[in-house]
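Visitor: Next up is a structure, given as structure tokens.
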There are 2 protein chains.
Amino acid sequence: MQTDTRLIKKENYNPKELNLHETLFCNANGYIGIRGTLEEGVPSDFPTMRGQYLAGAYEIIQMKQAESLCNLVEKKQTMLNICDTQTIHLSINGEDFLPSESGSVLDAERILDMERGFTERKTHWKSPSGRELMICIKRMTHFGVKELFTIEYELEALNFSGVAVFDSYHIAEVSNYSDPNDPRLADESPCYLKTKEKGFWEGTSYSLTEAKESGVKIAVVTDHIINSNSKSDSMVREEGGALITRIRVPIKKNEKVTLIKYSAFSDSIREKDPKAKARKVISEAMKRNIEELYCEQKNYLSSFFMKSQMEIDGDKELEDAVRFNMYQLLQAAPHDSYSGIAAKGLSGEGYEGHFFWDTEMYVVPFFLLTDPELAKNILSFRYATLSKAKENALLIGHKKGALYPWRTITGVECSGYFPSGTAAYHINGAIAYAVIQYYLTTADDIFLKEKGIEILIETARLWLDTGVYGRNGHFLIQEVTGPDEYTCMVNNNYYTNASAKHNLYYAARFYEQFKDAPEILALKKRIDISDSEIEDMKKAASEMYLPYDETYGINPQDDSFLDKPVWDLSATPKEDFPLLLHYHPLHLYRYQVCKQADTVLSHFLFPSLQSRETMEKSFRYYEKITTHDSSLSTCVFSMTASMLGLKKEALSYFGDSAKLDLMNRHENTKDGVHTANMGGCYMAIVNGFAGLRINEDGLSIDPYVPEGLNRYSFPFTYQGRDLKLTVEKKKIELELLNGDDLIFKYRGKNEEIGREKKWIQKL
Amino acid sequence: MQTDTRLIKKENYNPKELNLHETLFCNANGYIGIRGTLEEGVPSDFPTMRGQYLAGAYEIIQMKQAESLCNLVEKKQTMLNICDTQTIHLSINGEDFLPSESGSVLDAERILDMERGFTERKTHWKSPSGRELMICIKRMTHFGVKELFTIEYELEALNFSGVAVFDSYHIAEVSNYSDPNDPRLADESPCYLKTKEKGFWEGTSYSLTEAKESGVKIAVVTDHIINSNSKSDSMVREEGGALITRIRVPIKKNEKVTLIKYSAFSDSIREKDPKAKARKVISEAMKRNIEELYCEQKNYLSSFFMKSQMEIDGDKELEDAVRFNMYQLLQAAPHDSYSGIAAKGLSGEGYEGHFFWDTEMYVVPFFLLTDPELAKNILSFRYATLSKAKENALLIGHKKGALYPWRTITGVECSGYFPSGTAAYHINGAIAYAVIQYYLTTADDIFLKEKGIEILIETARLWLDTGVYGRNGHFLIQEVTGPDEYTCMVNNNYYTNASAKHNLYYAARFYEQFKDAPEILALKKRIDISDSEIEDMKKAASEMYLPYDETYGINPQDDSFLDKPVWDLSATPKEDFPLLLHYHPLHLYRYQVCKQADTVLSHFLFPSLQSRETMEKSFRYYEKITTHDSSLSTCVFSMTASMLGLKKEALSYFGDSAKLDLMNRHENTKDGVHTANMGGCYMAIVNGFAGLRINEDGLSIDPYVPEGLNRYSFPFTYQGRDLKLTVEKKKIELELLNGDDLIFKYRGKNEEIGREKKWIQKL
């Protein structure tokens, strides 16, 4: 149920739904992430992930290998639940507001207001003794003041007068979530934090904690404002380790009382004195009216949706879902270079808050076309961790180059099982691809010269160090794992080889293009780049082996893939999916069965490498053996189908994947949203349906309206220009809103557009 | 230093040497294993593995995977240190005999008497106060009474009179060994045992303990006899959990006092009431004179060496080393079907007491030719654990067949890292090979019908379920790991495919040969064998793909092996060996570099599959890239060289590998002896130098005397016959000592031999 820019759900305080709502109504701003938990708490047998997170704040935990082998990873990082400032207990004349366990909920709903950038929880509740309360709680993580989280807690007395008592908590030492039944979640649940300082100071509560192993320090400060007709009094106490601010205020029938709680967070990753920083944020915030903060938030979002809002005529639900996804991506996007985007954003602890390749491959494309500065932050994080990627390469035994970690928070590899972790060298390809796309889309040569080329060179070096020229003269890459983890440590994974080729080509290409720039001259010296090394890159790129099978006319996923028997998916019971949870890896590895798009993704990314016929045959081949056990799969099948003109298939694979989290399709949204899928759905529309591509030849489009829709349009940026594409059944319109005239390609032919006149193509 | 049948070493109570001597002077009889520790103990900073073991007695310990995947092993078994009945403290008038920490050792030696089957420790020691003692301690684990261990502790007062006090310990709860610096050893060191009962009873001490997780119960009973001129008195006490029997006896100058301690052990794996069993053993042993037990032991060994003693003229040290090895193999050999042979026998906790493939491939051949009943015990253990191997196969996802565990104590897989554990399917081939060789060598069709064929059929079924016919019509086996663990999860490992072919062929062959026997008719029904399944086995055997490379004219180790770069061994620093301890597996997997013989071993086992030329070229190829980081490697290179007529290489690879443990070549003999290497050295002589082979065509020989030797001879059994082969530079003699006339092959030509006349071939 959704109207306009709001996601609205009935709330019946059912434990299963609460868990899901914690994710859907999460507040985040790229720095803070706070799950949509209940201020008053839930009964102890309710599942809840009561989390507050800061982007990049982590703890280190032991991860012993069952059998020790040289240089295997035996420590991992995990995102940190930093504190609990969500908790506010309310009681009226000693009667606690506990809608999930007592009294009766007469009406309740949860609202995510994407226009105004806050969540609301409205509950009409009747207490056991018959008091009727209307509670409305607004929560906001502010996009302007990154460190700030606010709770505006409004109480209306509907049929009584009495004394309201708010106990507002500040718990410094909290535990991370654990669910021993789900192997995809970390199964340790200790408290990772120790308190360095805490107490009350000038009306505020404060704490400074430290993660025991990583040493990351977290500062938290809270303060309160109470708005009421009557005089309130407040007192503070420490109880069971928690700092509690108690505010007592009389309330009369039909009156309202509002408590505004401000929490500010800071960390030692970004700040020398995080406590001072958090105090400063609080004191500045307290000087401002909350309405002013709401107004700023609304303006920020108005500008964001101006750059990104997609209109879809013919499928309101899809339009709403896309808006929700964009909002979630924005909530996840880092605003500095101290973190990437986790698989679950800042909305939950699934995958332990690790960043994977999907950030670059599935999420960056969205920001590139809507807010390239955010894309730059993500890539800058990779640049900031390049030295760790070089150390990682050395650990594996490489003599040169950088190998980005398969999963990480700080840039250090955290994979426990290297065959489908560290061996996934294609993460290098994904990062390189994103750097290249960033430059092609923005023409930001400053970033390229200062950071991008160095990333490209170091990743390209790794391919040179990994691969070898085979006896047929081709450049081979062996013992790596492609995106499809149902086959591991294979030789010449088509996807990996194609992305390595791209990486090598552009490393040499951009290096030569900018070789006389002072930054590149300095880089050459600093990391010792020789002309012969650049020649080696060019040669390896051009001689890269891309497996092709004559019999089927397809690109096999790897050298031995087609020699394996085909898994009988039709004979596999439904409850056996996802296969990786039900079959021993050795068994999976012996079959032709794919968890997700692998060769099909590389055909979409690098279509010039193969004929249309090979790509279509491959598409037909792989669609029969792909389980889509990963949420990254169907969107890729959809966009590749669009590229190949297979419109029916494109629509069918697109399906309602955009609604994955909204409809809790994978039944694990409770652990956090699927950011990569959200980005992938955007791509399926923009790059798939609209055929928008950006490469060295510039921008090209080839749009169509899929069956069931009437029209869709979206704004995007391209090399400093703002454009808007509108696609109808009978007409395509491209509008240049800002920036210089542009030559672009439509179906391979050059077209021109200026600001004075829309480009219109009748169909 | 060794004379005849005794290994004699100076003992200077140096901590490093003590550790090694614990292994070299270990007492074992296939059931009990007791390391050669000092009765009086060592200072706490001395490294010591104070172990007493029972074959097959184990504990289960957690082995969490760093990343959980479906059906990965998360518990492992480990051999159990069952108790301490070795400890005897001696003091003279309050002065403790502690040669490793006080007083001075005037002379000391350790002796392993292989003719009489005991160890001796003789120490001439001067106490701090000047008392001179001559201590002589004999220890024996009895080959006739498996459960019995004796310590005969003789004290001679050289220059004093006084009172000797023996405190004889029985410690029921002991801990396993741990060395956190060595990844090849388990790094947990808790006490795995809890006491169910313990105390003193009719002059004996007794305990019944239970391993906490496995529930295996261990019963231990001790009793004592004192021989002296003076009257002794004894009292018992419990102190710090230990049961201590104190015997006080006056001793006069130049007199001797002897304490004989009997320990008996039993376990709940073999006995319903292990305590009763241990008591019975003790009471029967106490009735007999110790000399009678020594005499039986000597007779047993005399018969053993009669069947196995190798004479080597020209290299006394080698002859002695071979005798030592045979003795160690005998000490390790199980006398029932409740256990296999561990990598370290019963001499130490290295590799956690696990049984691997090397038992069948390297150790069984020795027993087959010398004491086939012992070989049958080993194979009967595999038969007894066949149902667990079938469960293991199901866990991996196989629909049929048995997959033997890569490492185990009870038949349950204990590999922590499956790519070089469970994926080593060739263990099935090794077990099948041993079953086939057992039958070809003994003609014991009862074993074959009752156990052997079932093993062959179930292992063959696994190959059928694993492999697949490729597009070229060949039968392919993918994602397995061969003996060379420096390449993992490869396709068509030559060794694995060749041994699967052999397995499949003989499963069908023997099944058809005996299909009308009642046992096989019953088996057919019980495990549902169809004629078409047998046809499938024959077809897979005959169509088995055996990779061959035209360019090099060799058999590549696997499909992609030759596409990888060759590891530069000459540029690898010496301290980087063994490579697996110094390089990440992903790095190792990317190179042509072998830990041990792989294809070369399969050429030795299955020479008929390839031309001599291909085998020699392969030998030359692999010798350049093999590090011999495994102790199983050089002996195989040696025997294959012998087979190919490369005598110089055969000798060079043989080297002094027979002395590996005696000379502590790998510097890890302290953890236990290398049983597989010991068997492999025997094979290098018998199957290598003497070219003795047994296959379906019968027995064949092709002996030569390697450079540096004058003559060698050895007895062996073949299908009920006792034979003796003597090889001189100019003459070969084969003598039939017992049994029917025989047709055998010499260099491919049939020859005949009867009991009346030696067969002599001039050279």
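Visitor: Of the conditions (1) part of a loop (DSSP other than H, G, I, E, B); (2) in contact with a Ser or Thr (Cβ under 6 Å, 6 or more places away or on another chain), B:N428 satisfies every one except a single condition; which number is it?
Guide: (1)
Visitor: Hey, could you check region A:484-512 for residues that are within 14 Å of chain B (Cβ to nearest Cβ) and not polar (S, T, N, Q) and say which is surrounded by the fewest Cβ atoms within 10 Å (Cβ to Cβ)?
Guide: Once the filter is applied, the top-ranked residue is A:E485.
Visitor: Check every one of the strands (runs of 3 or more DSSP E) wholly within region B:223-328 and list those with 2 or more residues that are out of contact with any helix residue (DSSP H, G or I) (no Cβ under 7 Å at 6 or more places or on another chain), touching a residue at least 60 places away in the same chain (Cβ under 8 Å) and on the phi < 0 side of the Ramachandran plot. Steps first, please.
Guide: On the way: elements: B:233-239, B:242-251, B:256-267, B:311-313.
Because the criterion is at least 2 residues that are out of contact with any helix residue (DSSP H, G or I) (no Cβ under 7 Å at 6 or more places or on another chain), touching a residue at least 60 places away in the same chain (Cβ under 8 Å) and on the phi < 0 side of the Ramachandran plot, the strands (runs of 3 or more DSSP E) in region B:223-328 that meet it are B:242-251, B:256-267.
Visitor: Could you figure out which of (1) at pLDDT below 95; (2) under 27 Å from A:F654 (Cβ atoms) isn't true of A:F356?
Guide: For A:F356, the exception is condition (1).
Visitor: So, A:E454, is that one away from chain B (no Cβ under 13 Å), within 26 Å of the chain's Cα centre (by Cα) and in contact (Cβ under 8 Å) with a residue 60 or more places away in the chain or not?
Guide: yes
Visitor: For region A:562-592, which positions are under 27 Å from B:S415 (Cα atoms) and in a helix (DSSP H, G or I)?
Guide: A:D576, A:L579, A:L580, A:L581, A:P585, A:L586, A:H587, A:L588, A:Y589
Visitor: Residue by residue through region A:95-122, note down the ones that are within 21 Å of A:H224 (Cβ to Cβ) and either free of Cβ contacts under 8 Å to residues at least 40 places away in the same chain or surrounded by 19 or more Cβ atoms within 10 Å (Cβ to Cβ) (or both).
Guide: Result: A:F97, A:F118, A:T119, A:E120, A:R121.
Visitor: Name every residue in region B:390-427 that is more than 21 Å from the chain's Cα centre (by Cα), away from chain A (no Cβ under 14 Å) and small (G, A, S), in order of residue number.
Guide: B:A402
Visitor: Do the conditions hold for A:T481, that is, is it within 13 Å of another protein chain (Cβ to nearest Cβ), touching a residue at least 40 places away in the same chain (Cβ under 8 Å), in contact with a Cys (Cβ under 6 Å, 6 or more places away or on another chain) and closer than 24 Å to A:I396 by Cα?
Guide: Considered against the rule, which asks whether it is within 13 Å of another protein chain (Cβ to nearest Cβ), touching a residue at least 40 places away in the same chain (Cβ under 8 Å), in contact with a Cys (Cβ under 6 Å, 6 or more places away or on another chain) and closer than 24 Å to A:I396 by Cα, A:T481 comes out as yes.
Visitor: Output the qualifying pairs, or none if there are none: Cβ atoms under 6 angstrom, residues six or more apart or on different chains, first residue in region B:533-544 and under 21 Å from B:L609 (Cβ atoms), second residue part of a helix (DSSP H, G or I) and not aliphatic (A, V, I, L, M).
Guide: Between residues of region B:533-544 that are under 21 Å from B:L609 (Cβ atoms) and residues that are part of a helix (DSSP H, G or I) and not aliphatic (A, V, I, L, M), the close pairs are B:A541/B:K501; B:A541/B:Y505; B:M544/B:N497; B:M544/B:K501.
Visitor: Being farther than 27 Å from A:S175 by Cα and of a type in the set (V, I, T) is true for just one of A:T245, A:T258, A:T195, A:T209. Which residue is that?
Guide: One residue alone meets the criteria, A:T258.
Visitor: Now for a separate question. Of all residues being β-branched (V, I, T) and surrounded by fewer than 21 Cβ atoms within 10 Å (Cβ to Cβ) in region B:561-602, which is nearest to the other protein chains (Cβ to nearest Cβ)? Just the residue, please.
Guide: Among those that are β-branched (V, I, T) and surrounded by fewer than 21 Cβ atoms within 10 Å (Cβ to Cβ), it is B:V566.
Visitor: Related question: Can you list residue pairs whose Cβ atoms sit under 8 Å apart, with the first residue in region B:560-574 being under 22 Å from A:S560 (Cβ atoms) and the second being among the small types (G, A, S) and surrounded by 15 or more Cβ atoms within 10 Å (Cβ to Cβ)? Count only pairs 6 or more apart in sequence or on different chains.
Guide: B:S560/A:S560; B:D563/A:G470
Visitor: Looking only at region A:605-623, which residues are within 30 Å of the chain's Cα centre (by Cα) and among the aromatic types (F, W, Y)?
Guide: A:F606, A:F619, A:Y622
Visitor: In addition: Across region B:65-98, which residue is nearest to the other protein chains (Cβ to nearest Cβ) among those that are in a strand (DSSP E or B) and among the acidic types (D, E)?
Guide: Ranking the candidates gives B:D84 first.
Visitor: Does B:L112 satisfy the criteria of being at pLDDT 95 or above and within 20 Å of the chain's Cα centre (by Cα)?
Guide: yes
Visitor: Further question: Out of region B:324-351, which residues are charged (D, E, K, R) and buried (at least 24 other Cβ atoms within 10 Å of the Cβ)?
Guide: B:K344, B:E349
Visitor: If you don't mind, another one. Identify, from the list A:L448, A:L464, the residue that is touching an Asp or Glu at 6+ places or on another chain (Cβ under 7 Å), in a helix (DSSP H, G or I) and modelled with pLDDT of 95 or more.
Guide: Selected residue: A:L464, the only one of A:L448, A:L464 that is touching an Asp or Glu at 6+ places or on another chain (Cβ under 7 Å), in a helix (DSSP H, G or I) and modelled with pLDDT of 95 or more.
Visitor: Scan region B:538-551 for residues that are more than 34 Å from the chain's Cα centre (by Cα) and at the interface with another protein chain (Cβ under 10 Å from one of its Cβ atoms) and report the count.
Guide: 2
Visitor: Let me ask something additional. For B:K376, indicate whether it is more than 14 Å from the chain's Cα centre (by Cα), closer than 28 Å to B:S68 by Cα and not in a strand (DSSP E or B).
Guide: Criteria not met by B:K376.
Visitor: Looking only at region B:19-30, decide whether some residue is touching a His at 6+ places or on another chain (Cβ under 7 Å), outside the structural domain of B:R665 (by TED's automatic domain parsing) and buried (at least 19 other Cβ atoms within 10 Å of the Cβ). Even if it seems obvious, please write down each step before you answer.
Guide: Taking region B:19-30 as the starting set, the residues that turn out to be touching a His at 6+ places or on another chain (Cβ under 7 Å) are B:29-30.
Those still in the list that are outside the structural domain of B:R665 (by TED's automatic domain parsing) too: B:29-30.
Among the residues that remain, those that are also buried (at least 19 other Cβ atoms within 10 Å of the Cβ) are: B:29-30.
The answer is yes, given that some residue of region B:19-30 is touching a His at 6+ places or on another chain (Cβ under 7 Å), outside the structural domain of B:R665 (by TED's automatic domain parsing) and buried (at least 19 other Cβ atoms within 10 Å of the Cβ).
Visitor: Would you please name the residue that is surrounded by the fewest Cβ atoms within 10 Å (Cβ to Cβ), looking only at residues in region A:467-478 that are at the interface with another protein chain (Cβ under 7 Å from one of its Cβ atoms) and within 25 Å of A:Y404 (Cα to Cα)?
Guide: By that ranking, first place goes to A:V468.
Visitor: Please verify whether region A:564-576 includes one or more residues that are at positive phi, in contact with an Asp or Glu (Cβ under 9 Å, 6 or more places away or on another chain) and in the same structural domain as A:Y494 (by TED's automatic domain parsing). Reasoning before the result, please.
Guide: Keep residues of region A:564-576 that are at positive phi, which gives none.
Within region A:564-576 (the criterion being at positive phi, in contact with an Asp or Glu (Cβ under 9 Å, 6 or more places away or on another chain) and in the same structural domain as A:Y494 (by TED's automatic domain parsing)), the answer is no, since none of the residues qualifies.
The values are calculated or read from the model by the stated rules, or taken from the named source; none is laboratory data. This is a predicted model, so every value here is computed, not measured. Note: ideal-geometry Cβ built from the backbone for every residue, glycine included; neighbour counts use all protein chains shown.
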